[in-house]
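Taking it in order: structure first as structure tokens, then the write-up.
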Amino acid sequence: MTTALTHSQENAIDVTALTGAERTVALYASDMPNGRRRYTADQARAWIVQGAQRVGPGELQRRAEYFRGWRLLDMHGLTTVQVQARHEQRFPNARRLVLAHKEASGNVSRDGMTDTARKRNAGAVVDGECPCRGTGGIAAWGPGIELMCPVHRRAQIDAHHRASRAGA
Ligand SMILES: [Zn+2]
């Protein structure tokens, strides 16, 4: 696959400092087999560390944000051909991605998440042109009927919450 990185910093990856989506991306890139079975908490943790080392911190965060952006659109049936194609290029094995997501969720509930990671956890980026074209609203079903964009409307809401918390 990829060559192993051996920087001392990357040998000290703490899984709790990674968001849920970053752990999903790491598991996808790890040696975790595709077969559906139960793994120990230690094994899952070791694969997250392995995958995170392989992908590297910047790329891990980038892929995780794209994964979240795709997922939010997909959950609402709003993925475009372009966004879907780029997603499938990044994660060609859909079944493995589901498996990685399940293992990552399990690890998040067992090991928890640092505050810094939690602040990053909702981060989502659309790889391509978002159906809302950055406006936060998606024209749907007929004139004057607009859907809220699950990616960009959410970002606006989160920013608003952050601003009001900071002001409190
Ligand atoms: Zn959007």
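A few notes on this one:
- Looking only at residues in the stretch 79-109 that are crowded, with 19+ Cβ neighbours inside 10 Å and within 16 Å of the ligand (Cβ to nearest atom), the one that is modelled with the lowest pLDDT is THR79.
- The stretch 123-145 residues that are of a type in the set (Gly, Ala, Ser), paired with ones that are in a loop (DSSP other than H, G, I, E, B) (beta carbon under 8 Å, 6 or more apart): GLY123/THR19; ALA124/VAL151; GLY128/THR80; GLY136/CYS149; GLY137/CYS149; ALA139/ILE145
- Meets criteria (closer than 23 Å to ARG118 by Cα and modelled with pLDDT under 95) for ASN34: no
- Scan of the stretch 117-143 for residues that are farther than 14 Å from GLY20 by Cβ and more than 8 Å from the ligand (Cβ to nearest atom), ordered by number: VAL125, ASP127, GLY128, GLU129, GLY137, ALA139, ALA140, TRP141, GLY142, PRO143
- Residue count, the stretch 32-65 (criterion: acidic (Asp, Glu) and either over 21 Å from ARG110 (Cα atoms) or buried (at least 18 other Cβ atoms within 10 Å of the Cβ) (or both)): 2
The values are calculated or read from the model by the stated rules, or taken from the named source; none is laboratory data. Keep in mind the model is a prediction, meaning the values are calculated, not measured. Positions of Cβ are backbone-derived with ideal geometry, glycine not excepted, and every protein chain shown enters the neighbour counts.
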